[in-house]
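Take a look at the structure set out below.
The values are calculated or read from the model by the stated rules, or taken from the named source; none is laboratory data. It should be emphasised that the depicted structure is a prediction, and the values quoted were computed from it without experimental measurement. Backbone-built Cβ (ideal geometry, glycine too); neighbour counts: all protein chains shown. For the accessible areas, the whole protein counts, side chains as well, though only heavy atoms, and no ligand, DNA or RNA atoms are used. Shrake-Rupley method; radii C 1.70, N 1.55, O 1.52, S 1.80 Å.
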Amino acid sequence: FCPSAAEAVRLLTTNLAGAASLRFVAAAFLFLGKLLVAAGCAFLGWRILVQAPPYDSALYSPLAPAVCIFFAAFAVALVFFGVYNMALDTIFLCLCADKERVDAGMPPLGRAHELSSVLGVPIDAPAPQHPRGKGGRRMLETPAERSGSDPSNNPFSRGSGVVDDGGYRI
């Protein structure tokens with residue numbers, strides 16, 4: 001977890017302007033989306049309370065229930081749009097990683113060309129024909145491979161050594 005988090009922080013700090021602009025634009029659109037969902041639910045609830053037979057004559061004012069519906073819908077929208085926000089961050093990190101790979105002369109791993117054309121971020125490498133290696137596995141370069149350190153020193157890696165029934169190195 002820690003090497004991946006450090007890599008994500010490094011990618012974000014090297015692409016600080018893109019991250020800041022993404023945060024600004026995404027925050028504005030996500031807030032508008034949350035407001036739209038909450039206002040739509042409140043309006044729908046108000047219309048039901050005004051037109052439904054048991055409520056149209058029993059309620060003095062449908063304003064208080066509509067406000068409660070608005071806040072409840074806004075709370076639910078916060079959770080759902082939080083997932084969308086995390087997806088945006090993940091896509092941005094993938095674009096940054098692919099851009100870094102292309103700048104280093106390696107082929108991109110994902111669909112960076114399509115995303116870069118939408119975002120206006122130039123990636124000047126040919127699109128990969130097969131982004132997956134043999135056996136359908138992704139060809140990734142780990143931080144240990146990039147730094148040249150020996151992964152056999154890692155007690156958590158699966159490699160040479162005595163292996164118990166669970167496949168863990170002892």
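How far, in nm, would the chain grow between residue 91 and residue 68 when pulled straight, counting 0.36 nm per residue and subtracting the alpha carbon separation?
Details: separation 23, 0.36 × 23 = 8.28 nm, distance 3.48 nm.
The span from residue 91 to residue 68 would gain 4.8 nm if fully extended.
Beyond 12 Å, how much of the Cα-Cα pair distribution for segment 37-86 remains, as a whole percent?
Numbers: 765 of 1225 pairs.
For segment 37-86, the fraction of Cα-Cα distances above 12 Å is 62 percent.
Round to the nearest 10 and report in Å² the accessible area of residue 10, as given by a 1.4 Å probe over the protein chains' heavy atoms. Only protein atoms counted, so the area is about 80 Å².
The accessible area of residue 80, taken with all protein chains in place and a 1.4 Å probe, comes to roughly 140 Å². Over the C-alpha trace of segment 1-116, radius of gyration and Dmax come out as 21.7, 72 angstrom.
Working from label points 7 Å from Cα in the Cα-to-Cβ sense, the residue 59 to residue 35 distance is 2.3 nm.
From the protein chains alone at 1.4 Å, what is the descending order of accessible area for 81, 92, largest first?
Values: 81 50, 92 30 Å².
Ranked list, largest accessible area first: 81, 92.
For 56, 98, give the ranking by accessible area with the largest first, probe 1.4 Å. Walk me through the intermediate numbers first.
Values: 56 80, 98 15 Å².
Largest accessible area first, the list is 56, 98.
What the pair-distance distribution of segment 9-77 shows, using all Cα-Cα distances binned every 10 Å from zero, is 20, 30, 20, 14, 10, 5, 0 percent.
Using θ = phi - 60° in the Karplus curve 6.51 cos²θ - 1.76 cosθ + 1.60, the 3J(HN,Hα) couplings for segment 18-35 round to x, 5, 5, 5, 5, 4, 5, 5, 5, 5, 5, 5, 5, 5, 4, x, 5, 5 Hz; x is entered for Gly and Pro.
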